[in-house]
1. Packing-wise, with mean Cβ within 10 Å as the measure, how do 497-506, 540-549, 76-85, 219-228 rank, highest first?
2. How long is the gain from residue 128 to residue 317 if the chain were fully straight, where each residue apart is worth 0.36 nm and the alpha carbon distance is subtracted?
3. Could you state the number of Å between the C-alpha centres of segment 29-101 and segment 127-199?
4. If you count the DSSP beta bridges with both ends in the chain, what percent of them are antiparallel, to the nearest 5?
5. Rounded to the nearest 10 degrees, what's the angle between the helix 279-298 long axis and the longest principal axis of the chain, both from Cα atoms, 0 to 90?
6. Tell me, what is the FRET efficiency for residue 591 and residue 532 to the nearest 0.05, using R0 = 22 angstrom and their Cβ-Cβ distance as r?
7. Determine the distance separating the Cα centre of segment 397-464 from the Cα centre of segment 261-331; give it in Å without decimals.
8. For the pair residue 389 and residue 367, how long in nm is the line joining their label points, each one 7 Å along Cα→Cβ?
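No lab work stands behind these numbers, since they all come straight from the coordinates. Everything numeric here is computed off the predicted structure, so don't read it as measured data. Using ideal geometry, Cβ is built from the backbone for each residue, glycine included, and neighbour counts are taken over all protein chains shown.
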């Protein structure tokens, strides 16, 4: 019998995204957090490709300066000889993968026009009157195409190459790789369709109308014909087409002309957040920082019991109906009514955290916080003085039986200073519901006023609309976003349109219960893999078959039940939600990507 010798080749994976070393959106989180799991499998055969923006990449890119004779190193040299500016080095994130960054300014205006002409001749891709970002992505796509072509021409006999493209912004060169029969297996992942995002926020009843949209007509209507066509071409031409959730898969058939082969759910590098046995302590520590903000913001007008106060929050980009901010506010208005009717003494403070144009932080908000800090400093000075004098009095008391009058230990100066500071801090005005001076009124402020959630003293639900993302440099909180999340009690994200949804996942891995919806990829995934998700502290609002009014009622019910929980039950729920975090670690979810890469290699003709 003849011996059969295996001639399996080494495999090398290229992951291509606009967000490699370039933090502009959620895909940066996907790629960056996935790197350790990819390097664990692929080791040095994993290379990330992205655009080169010196300022953005400066902090996380380290060039390889010595001679590099790997396939990648040789191809980088070839490109430079051809006149392209290419940076080659390490991405300074956990896993330290090799990275190739392309300077899109290498492509001249004449070259760009020639590329556009070819795109029109080959694919009827119109590039008239496009925004500069699209020009940049076309230049990037061309450099990626040249790089992969050179790499495959020189090394495909010994190495099997897989190129995984994320989103239309990385993929303008993908159709030509297929057209020119370049020896590379291609995967394309759309994280959200261009048309879905536009239509969901502008077309009432979007999902019901989904099968009837004409993609071309809608793309022309919204002025995104070029982007939508690039996305569609990439989906049609890739060996394997994937998306991040079954929710988005429903759009792909209509807008991109192809059903995804596979769904690749998003994960996080959970070990980065794992504070074993510590997360309850962290919750208490960061909640204390939020207490300080709340005292500064509300207590100059009136006070409430912080021991009976819960902190809810929502966050994300400003898409008022897509992100479910409208539903959240409507449910909060109903919750406020129910809590008042029931005579509850609990208070809910809801933080609406998003990004909107503003001129400055509201000076009154800053001033109130500064005065509160001054009150605290004064109290600490009085505390020190009283402590020292009490100690002396107690030690010198001949009988040691009576507690002296502590008022006698405070100097007149400190008494007067404390009284004056407190008096100048107190006000008859209601606490503002927005922390910054917005450039203009928006849907959030209009809805808050309309629902009369304006922080009246008798309201059980208070609103803090913070139109800027939270960072440790923020003078109001002094926390970074992950610390702020840990200090809250519940994250609320009942999205109407959400291809995946990292925000509820970020709550789960930090041990914070969360609300999501069945129209978000994350919520849909949870319902598929887990029966008792509500018992684990993940609440899924039905937005697929319920009206807005019914969904608002369901959310108000969820929030009302959460407020009525005993503290012990809330602590147990935090334990349960934290215990399932490993399900979402990339080491568990990478296998979905492995399947896509194996399938692409099978489909590529030898």
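1. 497-506, 219-228, 540-549, 76-85
2. 65.2 nm
3. Distance between centres, Cα-based: 17 Å.
4. 20
5. So the helix axis and the longest Cα principal axis differ by about 60 degrees.
6. Calculated transfer efficiency: 0.40.
7. Spelled out, the Cα-based centre of one part sits 22 Å from the other.
8. Rounded to a tenth, the inter-label distance reads 3.3 nm.
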